[in-house]
Amino acid sequence: MTTVALYNIKGGVGKTAGCVNLAYLAAEEGKNVLIWDLDPQGSASFYFSVEPGIKGGVRKLLAQEGSGLENSIRPTAYEQLYLLPADFSNRYLDVVIEETKQAKKKMKALLASLQGRFDYLFIDCPPGIGPLSEAIFAAADFVVLPSIPTTLSIRTYEMALAFFEENNLDPARIVAYFSMVDIRKNLHNETLAKYYKNKQFLRNYIPYLSTVEKMGSHLAPVAAFAPSSYAAQCYRDLWKELKKKTGI
C-alpha cells in the first residue's frame, strides 16, 4: 500500500479537492483506494455524501489500533473507493497524538494494519503543523503539497521543506504542485516560471476553474460529474505525472 498525504500548513489551497480527485482517479484505474479524512471540517466526507462521525471519536479509534480503522471504513458510491470519515473530535488530534507514547510508531502501525486491503491510502490532512503532522510525515510514503502560486503560499512549501531537513526526514518525499492557478495574473505566471526549475514541483497544475468549485454542489469528484471537462483532464494529467515521478 502506498500512502499519499495531501498537506499544507495553510488552508484554502485546494488540498481536499486534490485528495478527492486523485483518489478517485486511482480507483478508476481499478485500484483499491481509501481516503482518510483527518480534517475536522470533513470536506472530503462531504464530497462523498458520507456523514462525519466515528463511534467513540478519534481517541477510541486510535486506541483500538488496526481494528478501529477497519471498523470505521465506509464505502462510497464508487467502486473500490472507500472513506474513513472525518469526526469533529479530529480537532483534538494533536493533543491525542502528543499524549500517545511513540506517536510516530503508532501512526506507522495504524497504516500498516491496512496493508493488503488497499493499494493506495490518501490522507486529507488538516492545515497547520504539530504532533499529528509530524507523525504523518514519518509514516507517509509521499507528502503532496498543493500551493497557490503566490508569495505566502510558496512560503508554506519552503517551511515544510525546512521542517523535513531539520528533522532528518527525506525531502525527496515532498512533491509539490500548483493549484488554483490564474494565468491572467502576472504573479502566478512569474511564480510558475520560477518554481518549475525546482524538481520537486510537478509541471502540471490545476487552474482556478468553476468546475472544481462545483464539486460542492454535485457532491462528487470532477471526473465523475464532468469527465470530459478541462478540469478533469488537468487532474488526470497531474495524477499521471505524480505516478511517473514517484513510481507509485
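Where a number appears in this text, it was derived from the coordinates with a stated rule and is not lab data. Only a predicted model underlies this, so the values are computations on that prediction, with no experimental measurement involved. Neighbour counts are summed over all protein chains in view; Cβ atoms, including those assigned to glycine, are modelled from backbone coordinates with ideal geometry.
LEU187 sits among other residues whose Cβ lies under 15 Å from its own Cβ, and their net charge, with Lys and Arg +1 and Asp and Glu -1, is +2. Just the number, please: percent antiparallel of the DSSP beta bridges in region 2-236, rounded to the nearest 5. Percent antiparallel among DSSP bridges in region 2-236 is about 5.
Going by a ≥ b ≥ c, the root eigenvalues of the Cα gyration tensor, does region 139-233 fall in the rounded group (a/c under 1.5), the prolate group (a/b larger than b/c) or the oblate group?
Cα axes put region 139-233 in the oblate bin.
Between the listed residues VAL181, TYR208, LEU192, the Cα displaced farthest toward the positive end of the dipole of region 175-228, a dipole computed from Cβ unit charges relative to the Cα centre, is found at LEU192. Beyond 26 Å in Cα-Cα separation lie the following of the pairs LYS10/LYS197; LYS31/LYS244; LYS31/LYS108; LYS185/LYS214; LYS108/LYS199: LYS108/LYS199.
When only Cα pairs below 8 angstrom with a gap of at least 6 residues are kept, the chain shows a relative contact order of 26 percent. Placing a pseudo-label 7 Å from each Cα along the Cα-to-Cβ vector at TYR196 and ARG74 gives an inter-label distance of 4.2 nm.
Each peptide in 230-238, 180-188 gets a packing score, the mean of other Cβ atoms within 10 Å over its residues, and the list from highest to lowest is 230-238, 180-188.
Count Lys and Arg as plus one, Asp and Glu as minus one, and take only other residues whose Cβ is under 13 Å from that of ARG117; the net charge is then -1. Listed from fewest to most Cβ neighbours within 10 Å, the set TRP239, TRP36 follows the order TRP239, TRP36. Tally Lys/Arg at +1 and Asp/Glu at -1 over every other residue whose Cβ is under 12 Å from the Cβ of ALA223; what's the total? Net of charged neighbours comes to -2. Treating each Cα of the chain as one equal point scatterer and applying the Debye formula with no solvent, the log10 of I(q)/I(0) at q = 0.11, 0.12, 0.17 Å⁻¹ comes out as -0.54, -0.64, -1.35.
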